[in-house]
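So the structure is just underneath, and the comments pick up after that.
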Amino acid sequence: MADESGRTLVCSVLFLDLIGYSKKAVAEQHDIKQVFNGALAESLDLLKRKDRVIVDTGDGAAVVFLGDPEDAIIVGMAMRESAERIPMRLGINLGPVRLMSDLNDQTNVIGDGINVAQRVMSFAEPGQLLVSASYHAVVARVSEHYGRLFTPVSKRQDKHAREHEVYLVDDSVRLQEPLSGPQSGAPTARAAAASAARAEPAKVHDAGAHLMISAASRESVEAALRQFLAQGASVVTPTGQMGGKWFAACTHPAKSRVACKVETVGFQRVVTGPTRQAVADRVADLVSYGDKLVGDIEEVDGTWTAICDTGFTGR
């Protein structure tokens, strides 16, 4: 993962939380975590690829999948079955994350993608697997078989007064059941997903202040991105590939009041614009993705300027 460090990617994130773990005695915590780690390893072995980053959160884990988005739900459903013996909550989100090296030179993950996964997980009841609207919007359209897995849940609000639209993964569906149905000779869910992805044009998910674009080809994503840029949007996440799909994110052109310029210098972003309000709005977008405003927004030589630290976790 060393070559990915410092990059911002759109990834699916599975967040798992062990219920009541912190109230256990140390010896019992050790035993529970050993069982949990073993179950997670077995669930991850269901995938052929190893392109993921695992973050140990102490009372659980966060798994960032750099490959196909549906990898998260496969592992999530497998771990949900383990919740019958290891009480846990589970949540999945699709959003921007940044891979960075921590003080121990280990790969760590920051950004709104993992933060929202944690929020979604917190809304789940014991043994439930919830997914965010952004994840649902992509996976439910990859294949009709995946789409039938989800049930909408009423909007939830986190401690920061941010609303989240979440979906419940049907508790009655088990991983060993073919997601493509019982018909003889029916394609696997993964094969159906790949076929559907190749046939569909770029899809756009409205995530409030941002638009998330996905398609089976880079050309489709970049064509859609160019249209939004022509309407006044700015790039949040450049076009990148995860497994067999391409993704990008940009600001919502209808909600971009005045265009601002964003330059990345080391671990900081410099935001400049013609008005203080325009810069403040652009900074608010960056903060929602894990950045932190450094100092005040000031006018420098007739241009309003702000500096954001990209290394802030936002959690």
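The values are calculated or read from the model by the stated rules, or taken from the named source; none is laboratory data. A quick note: this is a predicted structure, and the numbers were derived from the prediction, not measured. Every residue, glycine as well, gets a Cβ built from its backbone with ideal geometry; the counts of neighbours run over all protein chains shown. Remember, those area values only see protein heavy atoms, side chains included, never the ligands or the DNA or RNA. Shrake-Rupley method; radii C 1.70, N 1.55, O 1.52, S 1.80 Å.
The set of residues in the range 134-159 being surrounded by fewer than 19 Cβ atoms within 10 Å (Cβ to Cβ) and touching a residue at least 60 places away in the same chain (Cβ under 8 Å) consists of ARG141 alone.
Looking at the structure I just gave you, is VAL139 within 22 Å of TRP246 (Cβ to Cβ), of a type in the set (Val, Ile, Thr), modelled with pLDDT of 85 or more and not in a loop (DSSP other than H, G, I, E, B)?
On the way: within 22 Å of TRP246 (Cβ to Cβ): yes; of a type in the set (Val, Ile, Thr): yes; modelled with pLDDT of 85 or more: yes; not in a loop (DSSP other than H, G, I, E, B): yes.
So VAL139 passes the test.
Any chance the range 235-244 includes a residue that's among the hydrophobic types (A, V, I, L, M, F, W, C), under 24 Å from VAL294 (Cα atoms) and either in contact with a strand residue (DSSP E or B) (Cβ under 7 Å, 6 or more places away or on another chain) or modelled with pLDDT under 70 (or both)? Walk me through it before giving the result.
We begin by selecting, within the range 235-244, every residue among the hydrophobic types (A, V, I, L, M, F, W, C); these are 235-236, 242.
Then keep just the ones that are under 24 Å from VAL294 (Cα atoms); that gives 235-236.
Going one step further and asking which of them are either in contact with a strand residue (DSSP E or B) (Cβ under 7 Å, 6 or more places away or on another chain) or modelled with pLDDT under 70 (or both), we end up with 235-236.
There is at least one residue in the range 235-244 that is among the hydrophobic types (A, V, I, L, M, F, W, C), under 24 Å from VAL294 (Cα atoms) and either in contact with a strand residue (DSSP E or B) (Cβ under 7 Å, 6 or more places away or on another chain) or modelled with pLDDT under 70 (or both).
For GLY6, only one of the following conditions fails: (1) modelled with pLDDT of 90 or more; (2) at positive phi. What is its number? All conditions pass for GLY6, except number (1). The residue that is surrounded by the most Cβ atoms within 10 Å (Cβ to Cβ), counting only those in the range 197-229 that are modelled with pLDDT under 70, aliphatic (A, V, I, L, M) and assigned to a helix (DSSP H, G or I), is ALA197. List every residue pair whose Cβ atoms sit under 8 Å apart, with the two residues 6 or more apart in sequence or on different chains, where the first one lies in the range 250-262 and is at pLDDT below 75 and the second, anywhere, is hydroxyl-bearing (Ser, Thr, Tyr) and open to solvent by less than 60 Å² (accessible area, probe 1.4 Å). That search, which allows pairs on different chains as well, returns SER256/SER234; VAL258/THR275; ALA259/SER234. Taken over the range 264-313, the criterion of being in contact with a Phe, Trp or Tyr (Cβ under 9 Å, 6 or more places away or on another chain), open to solvent by less than 60 Å² (accessible area, probe 1.4 Å), among the β-branched types (Val, Ile, Thr) and touching a residue at least 24 places away in the same chain (Cβ under 8 Å) is satisfied by VAL271, THR272, THR275, VAL279, THR310.
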